[in-house]
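A.B. asks: Here's a structure for you.
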Amino acid sequence: MSFRLIFELEPPRAPDLGKIRRQIKIFGPVADTILVPDNHLGLPAMSSVAIGLEIKKQGFNPMVAINARDRNHLRLQSDLLTLSAYDIHEVLFLYGDQIAQGRSSLTVRKMLEGDSVPGMKRGVLAQVGKPLAWREAADFLLTKLDFGRSRAGYWREAMHFDQPLYCGVLALPDLAMARKILKNIPDLRLPSGYLDGFADDPEYGFRVAIDELDELYRSGVDGAQLVIPANRRRFAELLEKWMAQRGLR
């Protein structure tokens, strides 16, 4: 059984390639793919397209996020042509976090239904348990961050979606970071006693994430998107052990 691991890189908010390269060095050899967000949280950062080219240059496989909020149709097609020219063939279409002003009229649905570059695989976000509707046209799906999705594979079958499904997994390094991050994800359903678990185990958040990977692996989905805000080197060590136990490397 194959199980794809997609590491979500944190783009720098300054012209600093060093931060990108450090993350690539840690997770490039461990993950199958590196996902590059596009001005996430509604804040300016280095271009997801440019970072995708850097990942490719380093010899690894990028998946580039492209948001509708900051683009028109012409810019979208330009970005897709650029990625294709550099042999990058996976993009994640999303709207983008809310900002006070300057939003485009482009939507994710319009992006997905618009003209495509030959060979480009286009993914969108979906929520387990809800109908796919126009998202059925996507080449792959990523789900939102959550816990306890053992039935994700059954949901995919019920939706008759026969393309890859990847589920978001949040790996929090400590209690302080957990409280900080969770404030920005108000609709995330936490397992009972999640924050209390850090009292007895400083790496509790990492261990829960590994358990989530086990659950998803058994559920029949195609892989996981890993969001790791800090202490990535330690999580990479735990991830390598888990992969070895499952025969994934």
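The values are calculated or read from the model by the stated rules, or taken from the named source; none is laboratory data. Only a predicted model underlies this, so the values are computations on that prediction, with no experimental measurement involved. Here the Cβ is made from the backbone with ideal geometry for all residues, glycine too, and neighbour counts use every protein chain on show.
A.B. asks: So which residues in region 214-249 are of a type outside the set (D, E, K, R) and without any contact (Cβ under 8 Å) to a residue 60 or more places away in the chain, if there are any at all?
C.D. replies: Matches in region 214-249: ALA230, ASN231, LEU238, TRP242, ALA244, GLN245, GLY247.
A.B. asks: Please name all residue pairs, on different chains or six or more residues apart, with Cβ atoms under 8 Å, provided the first residue is in region 32-47 and is farther than 29 Å from GLU240 by Cα and the second residue is of a type in the set (Val, Ile, Thr) and exposed (fewer than 15 other Cβ atoms within 10 Å of the Cβ).
C.D. replies: Matching pairs, first to second residue: GLY42/ILE99.
A.B. asks: Taking the condition at pLDDT below 95, over 18 Å from GLN225 (Cβ atoms) and touching a Leu at 6+ places or on another chain (Cβ under 7 Å), does ARG71 pass?
C.D. replies: Yes; evaluated as a whole, the condition is true for this residue.
A.B. asks: Counting only residues that are aliphatic (A, V, I, L, M) and closer than 18 Å to ALA199 by Cβ, how many does region 169-180 have?
C.D. replies: Of the residues in region 169-180, 5 are aliphatic (A, V, I, L, M) and closer than 18 Å to ALA199 by Cβ.
A.B. asks: Is there a residue being outside any strand (DSSP E or B), over 23 Å from ILE26 (Cα atoms) and either out of contact with any Pro (no Cβ under 6 Å at 6 or more places or on another chain) or modelled with pLDDT of 95 or more (or both) anywhere in region 225-245?
C.D. replies: Scanning region 225-245, I find no residue that is outside any strand (DSSP E or B), over 23 Å from ILE26 (Cα atoms) and either out of contact with any Pro (no Cβ under 6 Å at 6 or more places or on another chain) or modelled with pLDDT of 95 or more (or both), so the answer is no.
A.B. asks: To continue, here is another question. Hey, does region 203-211 have a residue that's out of contact with any Cys (no Cβ under 6 Å at 6 or more places or on another chain), β-branched (Val, Ile, Thr), in a helix (DSSP H, G or I) and at pLDDT 95 or above?
C.D. replies: As a first pass, look at region 203-211 and keep what is out of contact with any Cys (no Cβ under 6 Å at 6 or more places or on another chain): 203-211.
Going one step further and asking which of them are β-branched (Val, Ile, Thr), we end up with 208, 210.
From the residues that got through so far, the ones that are in a helix (DSSP H, G or I) too are 208, 210.
Those still in the list that are at pLDDT 95 or above too: 208, 210.
Yes, because at least one residue in region 203-211 is out of contact with any Cys (no Cβ under 6 Å at 6 or more places or on another chain), β-branched (Val, Ile, Thr), in a helix (DSSP H, G or I) and at pLDDT 95 or above.
A.B. asks: Next up: Of the conditions (1) modelled with pLDDT of 95 or more; (2) part of a loop (DSSP other than H, G, I, E, B); (3) more than 25 Å from LEU92 (Cβ to Cβ); (4) of a type outside the set (Lys, Arg), GLY197 satisfies every one except a single condition; which number is it?
C.D. replies: Evaluating GLY197 over (1) modelled with pLDDT of 95 or more; (2) part of a loop (DSSP other than H, G, I, E, B); (3) more than 25 Å from LEU92 (Cβ to Cβ); (4) of a type outside the set (Lys, Arg) leaves (2) as the failure.
A.B. asks: Next question, about the same structure. For ALA152, are the conditions met, namely being within 18 Å of the chain's Cα centre (by Cα) and among the small types (Gly, Ala, Ser)?
C.D. replies: Working: within 18 Å of the chain's Cα centre (by Cα): yes; among the small types (Gly, Ala, Ser): yes.
Spelling it out, ALA152 is indeed within 18 Å of the chain's Cα centre (by Cα) and among the small types (Gly, Ala, Ser).
A.B. asks: I'm checking my understanding of the structure. Among residues of region 155-167 that are not in a loop (DSSP other than H, G, I, E, B) and not aliphatic (A, V, I, L, M), which one is surrounded by the fewest Cβ atoms within 10 Å (Cβ to Cβ)?
C.D. replies: Looking at residues that are not in a loop (DSSP other than H, G, I, E, B) and not aliphatic (A, V, I, L, M), I get GLU157.
Residue by residue, here is whether (1) buried (at least 19 other Cβ atoms within 10 Å of the Cβ); (2) part of a loop (DSSP other than H, G, I, E, B) holds:
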| position | (1), (2) |
| --- | --- |
| SER105 | no, yes |
| VAL128 | yes, yes |
| GLU136 | no, no |
| ASP146 | yes, yes |
| GLY153 | no, no |
| VAL169 | yes, no |
| MET177 | no, no |
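A.B. asks: Which count do you get for residues in region 107-126 that are among the aliphatic types (A, V, I, L, M) and either surrounded by fewer than 13 Cβ atoms within 10 Å (Cβ to Cβ) or in a strand (DSSP E or B) (or both)?
C.D. replies: 3
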